[in-house]
1. Scan the range 157-188 for residues that are modelled with pLDDT of 95 or more, more than 10 Å from ligand 2 (Cβ to nearest atom), out of contact with any strand residue (DSSP E or B) (no Cβ under 8 Å at 6 or more places or on another chain) and not acidic (Asp, Glu) and jot them down.
2. Yes or no: the range 73-92 includes at least one residue that is free of Cβ contacts under 8 Å to residues at least 60 places away in the same chain, assigned to a loop (DSSP other than H, G, I, E, B), closer than 23 Å to residue 224 by Cβ and more than 16 Å from ligand 2 (Cβ to nearest atom).
3. List, please: which pairs have Cβ atoms under 7 Å, are six or more places apart or on different chains, and start with a residue in the range 19-38 that is on the phi > 0 side of the Ramachandran plot and end with one that is not aromatic (Phe, Trp, Tyr)?
4. Looking only at the range 97-116, which residues are among the aliphatic types (A, V, I, L, M) and within 14 Å of ligand 2 (Cβ to nearest atom)?
5. How many residues does the range 34-62 hold that are among the basic types (Lys, Arg) and either within 16 Å of ligand 1 (Cβ to nearest atom) or surrounded by 20 or more Cβ atoms within 10 Å (Cβ to Cβ) (or both)?
6. Go through the range 156-200 and report how many residues are of a type in the set (D, E, K, R) and within 16 Å of ligand 1 (Cβ to nearest atom).
7. I'm checking my understanding of the structure. Among residues of the range 201-253 that are within 16 Å of ligand 1 (Cβ to nearest atom) and charged (D, E, K, R), which one is surrounded by the most Cβ atoms within 10 Å (Cβ to Cβ)?
8. Take residues that are out of contact with any helix residue (DSSP H, G or I) (no Cβ under 6 Å at 6 or more places or on another chain) and tell me which of the strands (runs of 3 or more DSSP E) falling wholly in the range 99-184 contain 3 or more.
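The values are calculated or read from the model by the stated rules, or taken from the named source; none is laboratory data. The structure displayed is predicted, hence computed values, not measured ones. Please note: Cβ atoms are built from the backbone with ideal geometry, for glycine as well, and neighbour counts cover all protein chains shown. With ligands, DNA and RNA removed, areas are computed over all heavy atoms of the protein, side chains included. Shrake-Rupley method; radii C 1.70, N 1.55, O 1.52, S 1.80 Å.
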Amino acid sequence: DLIAKSAPKKNRSALPLCPEQPSHLVGKMNIKPTVTLEEVTKENNLKNISFGGRYSPQNCNGRERTAIIIPYRDRKEHLEICVRHLHAVLQRQELEYGIYVVEMALPTQFNRGLLANAGVRTVREIYDYTCFIIHDVDMLMTDDRNLYRCGNQPVHFLTLSTKHGNNSISYADYYGAVVGFTSEQYQKCNGFSNLYFGWGGEDDDLGIRVQSAGMKFIRPKKEIGMYVALLHDGDVSNQRNPNRYVLLSQAKSRWMEEGVETVQFQRLALEYRKLYTWILIRVKEES
Ligand code: UDH
Ligand code: NGS
């Protein structure tokens, strides 16, 4: 089976728990939306990453076991930049984590929510993760005090991005780009909807799910939740979904019936690559 070749688990029980406040953070980082792979590579000397993009701090046990899940298609350059940046930051944050890139096979229109759900279902089989972070490939955190930890409520890690002008995100109920859930929280709101093919709405739907399940997104302090958005054009296989407002209007009555527990997908490939685990999935497009 594809998953059986997972990186071996270390016996880390003798180590102390990593500190609540990591001591090697740098705070604000100077990154621009035009940052190149060469620059990111030069700046970050990555060490001790296990096969498949997994890492455990050397001298302590991570407080959580975190799976970073990146819904992905056809953004190779951004992926390399994003993954290298993540490794550098997450290691300074002293997290135990793995990075999982979940790619949707063509020709289906892109579906970010479905990929997140398929990712969660897959990584649950690989390791006993306690925290899932769903992460856009084009978003780079700019302050490593923005700790990728799960909270007692779901977390929206972004308070501002270079896409959003200077002062605020587009709207108060925006929950796009990077969100974090404990395993229990993800289950409680039934993950994302699987029905949003193409661009838009799946993150708004997630907001409705979280609220309907009696939870509330929290955000970090405004100053540290800033992201750089890498520049890209629109995607042919991710057109604005004309159906998204209709789907959203039904979200409240539908969330219990479809989501992470009902997601239908076929796993075409799973590879433990040097800096991440790559998972290719295929779905049947709903009519
Ligand atoms: N994604 C891909 N490949 C795609 C589409 C989306 O990897 O072809 C992933 C990626 O992780 C990305 C996320 O889905 O960060 C969100 O998609 P996006 O970056 O396209 O979303 P954003 O809101 O889009 O940044 C702005 C372009 C709007 C285009 C509208 C219709 N074409
Ligand atoms: C909203 C979309 C969201 C999207 C957001 C991005 O209109 O999915 O724009 O805004 N909702 C619908 O289309 C229903 S942005 O960050 O680009 O200002 O995430």
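1. 185, 187, 188
2. Checked against the condition, which is being free of Cβ contacts under 8 Å to residues at least 60 places away in the same chain, assigned to a loop (DSSP other than H, G, I, E, B), closer than 23 Å to residue 224 by Cβ and more than 16 Å from ligand 2 (Cβ to nearest atom), the range 73-92 yields no hits at all.
3. Within 7 Å, the pairs are 27/143; 27/144; 27/145.
4. Filtering the range 97-116 for residues among the aliphatic types (A, V, I, L, M) gives 99, 101-102, 104-106, 114-116.
Across the range 97-116, the qualifying residue is only 116.
5. Here is the first cut: in the range 34-62, the residues among the basic types (Lys, Arg) are 42, 47, 54.
Adding the requirement that they be either within 16 Å of ligand 1 (Cβ to nearest atom) or surrounded by 20 or more Cβ atoms within 10 Å (Cβ to Cβ) (or both) leaves 54.
The total comes to 1.
6. The initial filter retains those residues of the range 156-200 that are of a type in the set (D, E, K, R), namely 163, 173, 184, 188.
Okay, now just the ones that are also within 16 Å of ligand 1 (Cβ to nearest atom), so 163, 173.
So the count comes out to 2.
7. 202
8. On the way: elements: 131-135, 139-141, 178-182.
In the range 99-184, the matching strands (runs of 3 or more DSSP E) lie at 131-135, 178-182.
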